[in-house]
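What follows draws every value from the coordinates through simple rules; no lab data is involved. All values reported here derive from a predicted model rather than from experimental measurement. All Cβ positions, glycine included, derive from the backbone under ideal geometry; neighbour counts span all protein chains shown.
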Amino acid sequence: MELGTNFAAKLESFLLISKSAKGAAAAKLIQDATSAQGVFVFAELLELPNIQELSNNEQHAPFFSLLQVFSYRTYKDYLAHKDSLPQLNQAQIIKLKHLSIVSLAANRRILPYSLLLQELQMPTIRDLEDLIIDAIYLDILRGKLDQKEQQLEIEYTMGRDLEPGKAEAVLAALKTWASTTASVISALDNKLAQIASYSAAVAVDNEEHDRAYNAILKDVSKDTKKRGPLTASGNIMRGGVDLADAMDVDEEPRMKGRKGMAVDAMIKQQRKRNRF
């Protein structure tokens with residue numbers, strides 16, 4: 001279930017009562033709604049005619065302003081105008097601080113403890129962490145407390161009511177986000193296409209390499225069968241005989257025959273000289 005999906009339902013009873021509540025009764029209704037457990041959205045109540053009429057009544061106008069604070073402003077905003085607003089009870093203070101965390105998370109995902117302590121006027125880190133844990137259990141936000149880094153890491157939060165005139169800014173931000181997202185997706189698609197093309201080219205190269213390698217092996221195998229197997233020294237074998245050794249053996253008698261003929265010629269020449 002998404003965060004805040006049942007918050008609107010918890011406002012229903014106050015919406016029904018508001019149809020007949022006017023003046024002081026409407027002001028009291030605002031006090032009750034902003035104090036009630038589980039009620040965190042107030043836009044529908046704020047838009048009702050009986051509630052809108054309070055803004056024109058000097059006595060009850062502060063309650064209308066208080067409802068505006070709970071709808072889309074923060075605890076820091078309340079403190080800045082508390083002299084002109086009704087005093088908060090403990091339940092209202094805690095609720096407004098929870099809603100203030102949601103507003104802060106709209107601008108940044110990492111909320112340092114130092115920022116939260118200042119914005120929420122919390123006396124200690126322990127009190128701050130207890131407040132955040134309560135907000136998580138109430139489904140106001142989801143995140144992780146990083147005590148080592150002294151920060152709150154926001155995953156996502158409930159949505160708050162939009163302040164009048166802010167819808168256009170939100171739409172513009174969404175359009176920018178959509179455009180940026182489309183650009184990123186396009187860039188990723190191009191990158192994936194490049195990777196696919198490169199992979200296909202590599203596959204073709206590998207296939208050609210394997211084909212050439214197998215062709216060479218086939219030619220070498222045919223040549224070996226024609227010439228006979230090779231010895232360990234790389235010489236050709238035929239009939240179990242190393243042809244290189246056989247050539248060396250045949251060469252020796254020839255060399256010996258040539259040397260013998262030369263010696264015989266020298267002896268004959270010497271004999272002819274002795275005759276004279």
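In whole angstrom, how long is each semi-axis of the equivalent ellipsoid of the stretch 50-139, when you take the square root of 5 times every eigenvalue of its Cα gyration tensor and sort them from largest down?
Result for the stretch 50-139: semi-axes of 27, 13, 12 Å.
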Round to a whole angstrom and tell me the spacing of the C-alpha centers of the stretch 132-180 and the stretch 41-83. 22 Å
Which entries of LYS82/LYS166; LYS22/LYS76; LYS28/LYS95; LYS28/LYS97 show an alpha-carbon separation above 26 angstrom in the structure shown? LYS22/LYS76
Calculated from backbone phi, Karplus (6.51, -1.76, 1.60) coupling profile of the stretch 149-161 in Hz, x at Gly/Pro: 8, 6, 7, 10, 9, 7, 8, 6, 9, 5, x, 9, 5
How large is ³J(HN,Hα), in whole Hz, for each residue of the stretch 115-129 in order, when computed from phi with the Karplus curve 6.51 cos²θ - 1.76 cosθ + 1.60 and θ = phi - 60°, using x for Gly and Pro? 5, 5, 4, 6, 5, 9, 6, 8, x, 9, 5, 4, 5, 5, 5
Of the listed peptides 109-115, 74-80, what is their order by residue-averaged count of other C-beta atoms within 10 Å, with the highest listed first? 74-80, 109-115
Highest average packing first - 189-199, 31-41, Cβ atoms within 10 Å: 31-41, 189-199
